[in-house]
Each structure stands twice: as structure tokens, then as C-alpha cells.
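Q: The structure is given below, and queries will be raised subsequently.
Bear in mind that the values in this text are calculations on the coordinates, not laboratory data. Every value quoted in this text rests on a predicted model; they were computed, and no experiment measured them. Note that we place each Cβ from the backbone using ideal geometry, even for glycine, and neighbour counts take in every protein chain shown.
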Amino acid sequence: MSQLMNFFRRKKEPLSDETDTTQATTPNTIMATSRWLRFFDLFRGLIGRRGVDYDQFRLILGYKLYMDAADPEFMNTLNNNSKRREGHNAFFAGLWVYALISLFMCTFVFMFPGTRVFGLGYALLFYSMMYLTVLVQAFSGSLLDVRDVGILETRGVTEQTRSAAQTAHIMVYVFSLFVAMMAAPIISSFIATGIVSGVVFTISALLLMIVNYVFSIVLYAVILHFFHGERLKNILSMIQIVIMILSIIMYQLPQLLTSASASFSSMNKPMSFNWVMAVVYPFWFTGPNEWLRSGQFNAGGILSVLMLITVVVAYFAFNPAMRRLTNNLSKLTESGSEPAPTGWYFRLWRKLIPQRDHQKAFFTLSWRMMQSDGDYKMRVYPSMVMGFVFMIIPLMNAIQEPGNFWTTLRSNWVWNMLPAFSVMGLPIAIYYLRFTKNPNALNVFANVPNFDKAVMYREAIRTVLVRLSLPVVLVLGIVTILVTNPLKGIGTMVAGLGISAFVVVINGQLFQGTTPYGTIFQTGQVNSGAMIGGYMLSIAIAGIGGGLSAVAPWWAAIIAGIILFGGSWVWLNHAFSHPTFRLPGEPGGD
């Protein structure tokens, strides 16, 4: 942050015979060589006419880009820190993954030549779904970054300049993701639909990119307006969960345009306007192409009108929303004055913790830290609801069979796997145990003679099992019991509880070299190499265990689940006996 303050101080001009010794990671080099800054230089006059101090704008944006390049954890979706070149942004290095995904999106363009709504609409829908997913995982960290707000407010930076710099910073990544994911589908549209239609589709896709960005700004601005402190972070976690679920639902809704008995070819014919088209907003941006192809106002013209209304609303909504967002970012740093209460669920599990070695005390400490840490919730809770996302599959299949809704819903195989696959978010939940708002608090334990670090780590892992995993499995299990055969549902739920406990202990073994609550949160921190292994093991265990419980008699699934849960609980009571991590403040530690 001190470097940012130096940006606004007058600097001494270097002598002509001085040699530039700056490396690629210094702010000065970023200012001189960044292609993005040179791109914005082309619009210097336009930006300045909007009340923005362009010199300050350029310095702030350059500093943000420098911090992104210098932070090895920033948006590092590829988990390849060891091979990453110093000073090169990890997000840009990982865009090839999204480029590969875009090749799959090209199939949508060629699959439905008879209707642009499906052919181009599916590509736009898939892009929007991926954007919302990346927004939750990465963009929101930068969008809600509050580290430089106080500095800029005290350095004479105007609201317009601060908002413009923040917008430009996020748009660098939004546009980069757009190019990576939509370049191939746009090229395919020129081949499949012609030059004129391809140009129209390119413009429509760019407008959708802007609308998606404005939508995220408005969403966060509204939440920041009504909430603050830890409650705000809890609400943001819930909003991120809703975004994930809605993105999956939107992807399933187009199937309702045809009945389950309809042939695939019926989806390849021009269609009249349908209510589903009004719900799936990315389809609106195919209206001009469909109108151009058919010359009919229904449905191309109707979708074009909806697209035009959306763009106009986004244009007028952006400035007020961005202003409210930047003005209210300080709310993220506020803390609630009242301590979070503990209920019967906590007291029940605390009684089951062994009495020795102060395990109850450390279980309570870990529970409290997890309960009060909004940053942890914002990053972990959205990943823990994947089991609820899987519920959409049988529900959407049943909706397509209106005459046999209940029969189709109950007979879907997904219910047998639902409790087991609720463990997919556990690796990220255990990974983020290493982060906290105040890691220096562990200095107290670093000075305790013969302090047993194994107890602290063990109870942190147990808290993930009890506080996060078991409630999700129980809720999904109850839903399964209500929907399917009750006895079979009970067997599936108990098996899921056993699988959940086993997966928690396994992932705890993978991460036992890291200090729980020993590192401060930073913007964009995501995965590690061990997490990939954790995901693979979790999916394998859930798949094998869920499959066996699905084919086994209900009583056998119950017995196996009880044995697996009990064994994992006993294993947890004695696991992690020789931790290798060091506490902050400990000699040789952080």
C-alpha cells in the first residue's frame, strides 16, 4: 500500500546516465510496458471528459495490475505456482483452459442451423453460466477489494476516478474471459450463418458481456446498501449460492421448449415466442440474428425488443450502481458488535468430543472462528451446496413429464447418489482453514511450552465435518427420504454420513502440513495442487460409496454407513499426531 501512496508524490527525474535496473514485477515497468494501459491511453480524451483525472486513473489501474502480477495466488485457477513465471498474471496464463471450453460451445452454433435461438443462444447461455461461475470464484474478490479505498480517499482521488479505475480493472478480466470463451463461437457464427449474421452476433455477444458485468455490479451494490459487517458477508455467500443454482437452472430451462417425447429435429425448426425464452435472458441477444434469418417479428423481434430494453436499463443503471458500490465498500471491513450465538447443535457435538488434551476447548475455538469469519463463508459456502445443485437434474426431468411428474421424480437415479456427492465441496473447505483475518492471534499458542499442535489441527478438521458437512448430508438425506422409498432413503443418508466423515479425514491428511488459521486472506486466493488430489479422491470415494449404497439393500447401507462413520470418528480422534506446520511467532515459523 505504501507504493500506491508514493504514486501520488512527486518523483525525482532520473539522470540520463542512470541504468534501469527494475525487473518485470516493479510498478514502473508495468506502467511503461502494460498493453492494457496503452489500450486505455487511446481513450484518454474520452475518459477525461467524463470527469476522470486520467493520470490518477492510469496510476491506480497500473498499480492494481502490478499487484495482480506480483501476487502468486491471484486468480490462480491452474494451481501451477511452481511453473509460473515471475511477474506474469496467473489469470491470463490460465485463459487457454477457457479457450478449450469454447471449442465445445462451437458445436451449439452448428447443431441448430434451423433456428438461431438455439444455435447461438446455447453458446451465449453457456458463456453467461461460466461468467457467473468465475464471478463467484475470482472476480468478486477483486470487485469487493477494500484494501486501497482508505488510501485513495485520503489522497484527493475523486469518486469518478476511483470508480473508473475499479471498472477498468475488472473489465480487463471480464473482456479477457470473453475473448477466450467467445472467439471460437463468434468465428463459427461467421461460417455457419454468414458474414452479416456473424457481425450481428458479435455485437450482441459484446452487449451481453456488458449486461452481465452491470448485473453483477447492481447485485453487489444492492446487497452492500442494505447490509454491513459479518452479516453482509453472510448475505454475499447466500447470493453466490443463488447465482450458482440459477446458472444451472437457466441451462436446463431451454429443454422445456420441447416435450420429452419430441424429436431432436423439432428443436431445429423456427419457433414462436415461448415463456422460457423470456426467462433465459441470454436468448434475448439472439433476437437480431433470428429476426434477420426469418424476417418474422415472432420470435426474433420480441427477443430483440427485450435485448434493447435490457441494454438501455443497464446503461442507466451502471453509474448509480457503481457509485453506491464504491461508496459502501468500507462496510466489508465493519464487524458486528454482538457475538454470534451457539445453539443446541453445537452443544450436542461438544459433548461427544473427548475430554483429554483440551480437545473441547479447541473445538469451541475453531467453531467460533469459523462462525465469525465472513471471508471463510464467502469462499467456502458456495462450494458446499453442490449437492443441492444436483437436485435440479431430477426436478427438471420431472417437469418435462407433466403427466407423470411424481413418478419420474421418484425414479431418478440421482437421489441414490445425492448424499454421497454432497462431499464435493469439502476439499476447498479444508484448504481455506489456513486463512483468517488475524493470524497473529496464534502467537499465544506459539509461546506455550510443549503445546500440542495436533489437537488444534484435529479439532479444526472436526469442525469442518460437524459444522459444514453433516448438516448438508442430513438435509439432502431428509429430502431423499421424502421423495424416494423411506427405508431406502434412510440407508442412502446414513451411507452419506459415513462417506462424508471418511472424506473429511482423508482430506485432512492431505493438508496437515499447513497451519490452521495461520495466514491472512488475500484477494483471489484459490486452489493448491493438493486440492486437485483432494477433489479426485472425494469424487472417487463418493462415486464408489454412493454406487454401492444404491445397489445394496437398505439395511446393508445403514450398517456400512454406521461402521464407516464410527471408524472415521475414531480415526479422527487419533489422527495427525505428528504435524509438520509451524505457528506464527514460533521459531522457524511465519
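Q: Let me make sure I get this right: for region 345-574, a, b and c are the square roots of the gyration tensor eigenvalues over alpha carbons, sorted descending. Under 1.5 in a/c it's rounded, otherwise prolate if a/b > b/c, else oblate. Which is it?
A: Here region 345-574 falls in the prolate category.
Q: Next question, about the same structure. Please give the peptides 188-200, 414-426 ranked by average Cβ packing (other Cβ atoms within 10 Å per residue), highest first, as a rough proxy for protection.
A: Sorting 188-200, 414-426 by mean packing, highest first, produces 414-426, 188-200.
Q: Pulled fully out, how much extra length does the chain show between Arg35 and Ala183, if you take 0.36 nm times their separation in residues and subtract their Cα-Cα distance?
A: Length gained between Arg35 and Ala183: 51.3 nm.
Q: What's the ranking of 277-289, 297-309 by average number of surrounding C-beta atoms within 10 Å, highest first?
A: Per-residue mean Cβ counts within 10 Å order the peptides as 277-289, 297-309.
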